[in-house]
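Before any comments, here is the structure.
The values are calculated or read from the model by the stated rules, or taken from the named source; none is laboratory data. Fair warning: this is a prediction, and the values are worked out from it, not measured in the lab. Here the Cβ positions follow ideal geometry from the backbone for every residue, glycine too, while neighbour counts run over all protein chains shown.
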């Protein structure tokens, strides 16, 4: 089961439900929210702006047509869109053989790194900064070029087993880094609120 949605995620789910009911304004709003993120993902794969823009149009047209099939229990709207963009971009590059060893499970973590406006962006960047260059390299080859572990091994000239272990370790470090960063952020927020409450109490007593 997916984690409890953030407010933005809940809003996205409402928009998709409205799209399923034929609301074109909801589609426009969803485009405004996630268009730049998806365009950045497409550019990272196809590297041609015109092709990336065409893909962006196709992805949102597909989202409009399949909105009724979206299941919030299976993931976030942003990830749902990103998976479609990645698939189309890799098809365009004639490299659609996504690694069976990675799938789409970590795509959201890497996609968030491309979107500076994301509420989780600073935590994503901090977690990515903790990765070694070797781990980040194999993750990027798997997710943004659609290479299999065997193809990555040939590209970077390391054993296939090493590729698999770096991918697994990299995703684990990203997830644990986000959990730790989130916990620290929550503690900071609670401390700040406590201090503000105490200051308000002192002011009222004065």
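Residues in the range 14-36 that are within 20 Å of residue 92 (Cβ to Cβ) and crowded, with 20+ Cβ neighbours inside 10 Å: 34 alone. Consider only pairs whose beta carbons are under 7 Å apart and that are at least six residues apart or on different chains; among these, list those whose first residue lies in the range 65-76 and is farther than 14 Å from residue 22 by Cα and whose second residue is loosely packed, with under 10 Cβ neighbours inside 10 Å and at pLDDT below 95. Close Cβ pairs (under 7 Å, with a partner that is loosely packed, with under 10 Cβ neighbours inside 10 Å and at pLDDT below 95) amount to 73/1.
Residues in the range 91-100 include none that are modelled with pLDDT under 90 and under 26 Å from residue 14 (Cβ atoms). Among all positions in the range 76-90, there is at least one residue which is within 14 Å of the chain's Cα centre (by Cα), outside the structural domain of residue 148 (by TED's automatic domain parsing) and either outside any helix (DSSP H, G or I) or exposed (fewer than 15 other Cβ atoms within 10 Å of the Cβ) (or both).
Among the residues of the range 29-72, which ones are over 24 Å from residue 137 (Cα atoms) and out of contact with any helix residue (DSSP H, G or I) (no Cβ under 8 Å at 6 or more places or on another chain)? The answer is 32, 50, 54, 57, 61, 65, 66, 69, 71.
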